[in-house]
Each structure stands twice: as C-alpha cells, then as structure tokens.
Amino acid sequence: MVNTKNIVREPLFHVSKRDELSFGKKTIVYVASVFCALLIGAIICSIASPKGNPVMFFVSLFEGVFASSRSIWEMLRDMALLLSVSMALLPAFKMRFWNLGGNGQILMGGLAANVCLITLGGVIGDFWVVLLSVIASMVVGAIWAVIPAIFKALFNANESLFTLMMNYIAQCCVTLFIAIVVKGGSSVLTDDQLPQGGRLPIVGNQFLLTIIVGALIFGFMFIYTKYTKGGYELAVVGDSQNTAKYVGIKVKSVIIRTLAISGAICGIVGLLVTSGNYANAAIGVGSAKNMGFTAIMTTWLGNCNPIMILVSCALVSFINKGMPQVRMAFKLKGESFSNLVVGIIYFFIIACSFIIQYKITFSKKKKEAK
Amino acid sequence: MKKLLTLVLTVVMAVGCCFGLASCGKGDPVVALICLHGEESSYDKNFIDAFEAACEAKGLSEDQYDIITGIPEEGDDCYNKAVQFASSGYKAVFADSFGHEANMIKAAKEFPEVHFCHATGTKSSLSLDNDATNDTPANFHNAFASIYEGRYLAGVAAGLKLVELYGDDITDDEAKIGYVGAHPYAEVISGYTSFFLGVKSIVPNVTMEVKYTYSWYDELKEKASALALINNGAKLVSGHADSMGVPAACKEKNVPNVFYNGTTTEDTFVIASKINWQPYFEMMIDGALGKGTIVKDYCGNLSTGSVQITALGKAAAEGTQAKLDDVKAKLISGEIKVFNTANFTVRNAKADTSAFSKAGAITMDADGHLTAYLADVIDVGDYVGETNVIANGVFEESKHRSAPYFDIVIDGITIGADVE
C-alpha cells in the first residue's frame, strides 16, 4: 500500500489576476492571437478543401474585402451597422444589464419602418413618411427594450432571459406581419411589394447614409458614456446599486432610461436594414443578421471601451466579409466549414482577452530527496 | 517569443499578398451561382450539383465559374454579390431562392449586358403581357420546371404500392395517404395536387390529408407532422420540404414514402421526383458565351430532361417501372394531362368562405368540375387572379408562366391542423 498522506497534491497551474499590461504588450497579444487564429483557419481550410493552400486562405480573405471599392464600402457599411448595435448594448452592459435582445429590438424597429412604408408610402409626402419611419422605429425599438427594463427595475426579473424571450416574440411579430401582407402564402415579403416613395434617401452611394448614421451613433455614445451625467449615473448603477441609491441616483429610472436609449438605437439599425436598403427594403425574420448577438461579443471584447469596440467591430466585419470569398476560392460548398473557422477565430480572440487579464503560473516541480 | 511569432506571421501575410497579385490572371469568368444555403440543404445541393455538372459538360475550367453559398433573402446581400460578379466579368449570374428576385432585377437593370437568372420567380411573366409599367429588363430571366409531371408519376408509383398492399378492392380507410407541405402557396399546392391525381389514377377512392410546417427546412416539425399523419391513418406519406424528416418518420413506422429531390436507401422508399437543373444551366452557359439565347421565362419538362423521377426504391410495387414508362410516354405525347378537369372536382373550394378562399376565381359546372379559373399569373402583388387558365378542359399549369399557379385545394384533399 502506498502511503498517500504525505504527498501534497498541487495543481499543475493556477490562474491569478494580472497587473494591467502596457498598451504595446496588449496590442501584441491581440495581433498575435488574431494571426494564430487565421493561420489555424487557413490550415483547416486547406485540409478540408480538395484545392487550395494556407497562403490562398489569406489572399482570398483579403480579396473578399479589398477586391473592389464596392466590397470595401460594403464592409464599412456592415461595420457601421454592427458598431451601432454594439453602441446600443454598451450603456446597458456598463450598467450590468445584460441586454441580449438586440436582435428583437432591431427587428421591431425594422418592422415599424416597414409598416410606415407600406401604409403611408405614396399616401403622404415622402419626407413625412421618412420622418414617421424614423420616429416609429426608434419608439418601437425603445419599447421592446423598456419592457424588460421595467420588469427588471420594479420586480428584479432576470433581464437576460427576458430580453432573449423578446427576440422570439419579435420574430413572431414579423412572421405575422408577413402573413397578413403577403396573401400568396410564400412567407417572403419582396421589395417590389413595398412602395418606392418614402424610403431613406440615397446619400452619395447606397452605403454612405448608413455609415454616417453609424458614425453619429458612435460619437453620441462615446460622449454620452464618458462626459454626461446620464453616462456617469449608469456606470455607478453598474458598479453598485446601493452606492447609487445613497448618492441620490434614481436607480429605476436610470435603468429604464438607459434601455430606452439602447432600444432606440437598435430601432434605428432596424430602419437602416430595411428602409435604407437600396436593393431590398422588405423585412424578414433574418433581417437582424444576428447582429444583436454578434454585438454582445464585440462589446465584450472591446471591454466596454468605445474605441476598442470599434476595433473589434472592424475585425469581425472584415472576417465576415472575407469568408464567403474563402469559401468560394476553396470550393467549399457547405457553410458549416467556414462557420467553424469563424468560430475558431472568435475563440482565439476571446481567449486572448483572458490572457491579458489573467496570468497562468505553472507549479514548479519539487524534487523530493529520497 | 510573441514578437517573433508576429514577425513570422507578418512575413506569411506579405508573401500571401504577393501570391494574390500573381494569381490575378485567371481564365475569363463565365457563370456564377448564388445559393441561399450550402450543400447541407437538399434544395441547394440539387442546384450546386447540376451547376457543376453543366459547367463540366460545357468544358468550363474551375476558374470560369463560381458558387457562393449562404446568401440570405433578407437585405441586399444577393444584389451586392450579383453586382460584384457582374462587375468582375461574369456573363451570367443565377440565384436560387424565391426572395432573391427583387435583388436580381435591380442588378439586371444596372448591368444590361449581363444575364441575371432566377429560379422559382414570377416576374418575367409580366413582360409577356407587354405591360410597360411592370416590365422586367430583357436580361432578367425566370426559370422553373413542370415538376407536376414528375409528381404525377411519383403518385402513380404510390398508387401501385397501395394496390399491392391492399388489393384492387381497397377500402376508403386503406386509401388514405398523407402529405407534409412547407407553405400553403401555389408551388406546394400544385405539387401535392399533381401527386394526389397520380395516385387517384390508380386508386379512384384515395383521400389525402396535408399538414403544413410553414418552413422550408424544419426536420423536427416535418417528422412530427408525418408521424401525426400516420397516426391519423395515412398508409403512405409524401412531402415537399427540404429535410429528411418525412423519410425518417416513415422508416420509424414502416410506412411507404415518396420523396422529393433525392433518394434514400430505406426499405420504405418508393420513388422520388426531382427537378434537374442541368439542362437549364447548359442553356444559360451557352447564352453567357453568346452561343445561344436564354429563354425569358423557361419551363423545363419531361422531354427536356428537367423533370426526372429517380430509380425505384425497395418498397416499389411489382410492375411499377413498366407502368411508369407507359404513363411517362403518354404525358410527353400529351395523351395524359395531369390537370385534366374531368379528373377532379372543386366543390369544397367553391364553398370555402375563409379569408384565403379562392371561391371567387372558380367557375364550375353542376358536377363540380372546373370550367374557368382566374389565376394570379401576372404578379403585381395584388393577389387577384386575372388570367383564365382553363382551356379545352385542362388547367394549363406552367403555360402562362414557369412558376406554378395551381392553388386550389381540390375535393379529396383535406388540410389537417398544424403540429406543434
């Protein structure tokens, strides 16, 4: 029998909080992890595909984004949308309110815009349709976020589940709307069933308006969270509700107000992905393009810092835009493989934020004298 | 260490970019395919396989065609991809999903020298009517196939199976079949009606229950619907949706199954019908290369090879092949018309008072047979029928437009409650 009493078992490694890394070091870790992720993606694609090599992966990834000025515009537009949604989630997250309902708020905003367009387009002046669409999408998006906020503020209901549930209700609302409008039963609303008048104007090209709105939202949220009383209050509420109470902040109204802003911005995104869409203004259950969830990741990766969120949105948009080109170049006809690669890339980026915050210390092996 | 890694990777990137510049001079691109989903979906796989086969048959090298998957119907992704293909030299672009149509028309207007082709769409029939306000550009094309002929043949095989199982004196209870449909619109209704009429040509007292899933791909719901149909007494189940849900349910309950767009190796598999897009894609490639024209609103059929039935499965009845060959020849010669109005009645549809009733468009004689029907052939979003599609005692499906417009629920078919 072995005497186990005297053997001190030490874990192989332990994790401890790291001191703040310098900006340079942080950057190096981030850049390195992104490149590692891409390299692994490249290797996996090369193995999976009958043709292609790791170099081609990088080439086609960049080709997908920088092939033409048009694809660059597309990426910037997608990035502006994702950034807007991230900015919508930012104040909620700073307040430790986990708004997982971005998708639903976008859908409801888009739905409101579509309802305005289909009922008022051509009936009243285009300017008024646009104005009403803007107001309606903001209000409806805000309502969709405020409902769970009220329940959180008054009854302390779990906001993650509540906002998540609101996503599905929003989807059902869109399905219902389509079923009412599209009497043929195809469950697809097509662009030509909507009036041309009363859509958002084309500024410069089909992408610029969205990019400008995204920039404005970014600027607004940057200032709001950093330099305003409201932004300060929500940060305090996020840190400690009791502290907030004692310094005289009305916690309940801060929660509701913040979510109203969050939802209104998502509503604007909904408006942009429908009425502002040059080729197809019609809403569908997939109109939110899952941005409500992707933005959770970008906001989190950006550590709730607007500038860092901008960077992570750029990265995610870049990968999303480049991957279809990779799929095409590698003759991968299924989507699952490229989704796997995107997943790996995300995983690496998330893992690197762990490395930045914590350090892993391996236990030194002690040699016992016999 | 990390710096070293960064350095190494930067070098890799730099080299990659050089290769990228070097690889720019590939063969002239010809055709591109835009798919809603990837080859995980049997619907898209059917297009992808046919597209590759057509490109190979026409001698295109791999550089000359491209397939992009996962382009949603919502938003403008399809338009942007179509424009990207057009501006990088492709001569023809094909999109495979109904919701892509508006995107493709928009792109077609901007690139008049490039062909934009679209499956299952309805807009090209507009231009046939010389309606100037709704004209689609000449370089925009719709395509479909008279798949109802294939489904009719599959129905004949199903009828023979019922006769094999229950004999010639088949009772009403034994003559019950089931059908799982995706959405309640013409493409699906036309499909199950032709299938039903195929069965009816063998088993005159057949009745059919239809359940909708309201999704093109929902494996669990398709399976649950099929099981519910079997529980309601269906002796054979077919369907029109893109997953393997129905065959799985049939296997579980050991009930014969008629499939669509693919085959299964199960003992319960009778036969399947499918649209073969290869003939269309070959025409499209010829058109793209300037060797031929692309038909504005193309409808492939049995004789073009666009409509096919698969090899018989293990569950097919004895003598099925001979009968199918006979019926197929008669369909091609025109001796048999699938939607011959003498073969079905529409009393229930005429008596329908629900919101989606087609009663207003139906004119029938004392026996309940259709004598006139106003179908919504010219799709301007009004859902009001304007074209009488009955001629010489036949409902002329896919004649006025390639996409189906038979949307009457005929007598003998009942719509069952949805399965949750």
Options A:200, A:194, A:189, A:209; residue that is in contact with a Ser or Thr (Cβ under 8 Å, 6 or more places away or on another chain), assigned by TED's automatic domain parsing to the domain that holds residue A:306 and buried (at least 19 other Cβ atoms within 10 Å of the Cβ)
A:200
Could you figure out which of (1) crowded, with 24+ Cβ neighbours inside 10 Å; (2) at pLDDT below 95; (3) away from every other protein chain (no Cβ under 14 Å); (4) farther than 17 Å from residue B:157 by Cα isn't true of residue B:226?
(2)
Considering every residue within the stretch A:69-87, establish whether at least one is within 14 Å of chain B (Cβ to nearest Cβ), over 30 Å from residue A:182 (Cβ atoms) and more than 25 Å from the chain's Cα centre (by Cα).
no
Filter the stretch B:315-359 down to the residues that are over 13 Å from residue B:408 (Cβ atoms) and touching a Pro at 6+ places or on another chain (Cβ under 8 Å) and list them by number.
B:315
Selection from the stretch B:378-398 of residues within 12 Å of another protein chain (Cβ to nearest Cβ) and over 18 Å from residue B:349 (Cα atoms) yields B:379, B:380, B:381, B:382
When only residues in the stretch B:164-189 that are over 19 Å from the mean Cα position of the chain (by Cα) and buried (at least 16 other Cβ atoms within 10 Å of the Cβ) count, which is nearest to the other protein chains (Cβ to nearest Cβ)?
B:178
Quick check on my filter: what residues within the stretch A:140-185 are in a loop (DSSP other than H, G, I, E, B) and either on the phi < 0 side of the Ramachandran plot or not assigned by TED's automatic domain parsing to the domain that holds residue A:257 (or both)?
A:157, A:158, A:182, A:183, A:184
For the stretch B:371-401, how many residues meet the condition of being over 22 Å from residue B:336 (Cβ atoms) and assigned to a loop (DSSP other than H, G, I, E, B)?
12
Within the stretch B:46-59, is there a residue that is within 8 Å of chain A (Cβ to nearest Cβ) and modelled with pLDDT under 90?
no
Name every residue in the stretch A:265-315 that is of a type in the set (A, V, I, L, M) and within 14 Å of chain B (Cβ to nearest Cβ), in order of residue number.
A:269, A:271, A:272, A:273, A:279, A:281, A:282, A:283, A:285, A:288, A:291
Tally of residues being assigned to a loop (DSSP other than H, G, I, E, B) and either touching a strand residue (DSSP E or B) at 6+ places or on another chain (Cβ under 9 Å) or within 14 Å of chain B (Cβ to nearest Cβ) (or both) across the stretch A:188-224:
13
Selection from the stretch B:225-242 of residues in contact with a Lys or Arg (Cβ under 8 Å, 6 or more places away or on another chain) and either under 24 Å from residue B:305 (Cα atoms) or part of a loop (DSSP other than H, G, I, E, B) (or both) yields B:232, B:233, B:234, B:235, B:236
Can you name the condition, by its number, that residue B:345 falls short on among (1) crowded, with 16+ Cβ neighbours inside 10 Å; (2) in contact with a helix residue (DSSP H, G or I) (Cβ under 8 Å, 6 or more places away or on another chain); (3) more than 14 Å from chain A (Cβ to nearest Cβ); (4) closer than 30 Å to residue B:203 by Cα?
(2)
For the stretch B:312-330, enumerate the residues that are surrounded by fewer than 20 Cβ atoms within 10 Å (Cβ to Cβ) and over 21 Å from residue B:165 (Cβ atoms).
B:325, B:326, B:329, B:330
Residue hits (the stretch B:42-80; in a loop (DSSP other than H, G, I, E, B), on the phi < 0 side of the Ramachandran plot and either assigned by TED's automatic domain parsing to the domain that holds residue B:245 or buried (at least 22 other Cβ atoms within 10 Å of the Cβ) (or both)) are B:69, B:71, B:73, B:74, B:76
Would it be correct to say that residue B:92 is within 13 Å of chain A (Cβ to nearest Cβ) and either surrounded by fewer than 23 Cβ atoms within 10 Å (Cβ to Cβ) or more than 18 Å from residue A:68 (Cβ to Cβ) (or both)?
no
So which residues in the stretch A:30-52 are more than 16 Å from residue A:343 (Cα to Cα) and within 9 Å of chain B (Cβ to nearest Cβ)?
A:31, A:32, A:51
Checking B:101, B:110, B:73, B:149 in turn, the sole residue that is under 25 Å from residue B:310 (Cβ atoms) and either touching a Phe, Trp or Tyr at 6+ places or on another chain (Cβ under 9 Å) or charged (D, E, K, R) (or both) turns out to be B:149
If you check residue A:241 against the conditions, is it more than 19 Å from the chain's Cα centre (by Cα) and without any contact (Cβ under 8 Å) to a residue 60 or more places away in the chain?
yes
Hits in the stretch A:39-66 (condition: within 30 Å of residue A:206 (Cβ to Cβ) and either in the same structural domain as residue A:349 (by TED's automatic domain parsing) or touching a Pro at 6+ places or on another chain (Cβ under 8 Å) (or both)):
A:64
Inside the stretch B:290-339, the number of residues satisfying the requirement of being farther than 28 Å from residue B:54 by Cβ and under 18 Å from the mean Cα position of the chain (by Cα) is 1
Check whether at least one residue in the stretch B:329-337 is in a strand (DSSP E or B) and more than 30 Å from residue B:60 (Cα to Cα), and report yes or no.
no
Just to verify a result, which residue in the stretch A:319-362, among those that are among the hydroxyl-bearing types (Ser, Thr, Tyr) and more than 16 Å from residue A:41 (Cα to Cα), is surrounded by the fewest Cβ atoms within 10 Å (Cβ to Cβ)?
A:361
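The values are calculated or read from the model by the stated rules, or taken from the named source; none is laboratory data. In this text the structure is predicted, and so the values were computed from the model without any measurement. Neighbour counts are summed over all protein chains in view; Cβ atoms, including those assigned to glycine, are modelled from backbone coordinates with ideal geometry.
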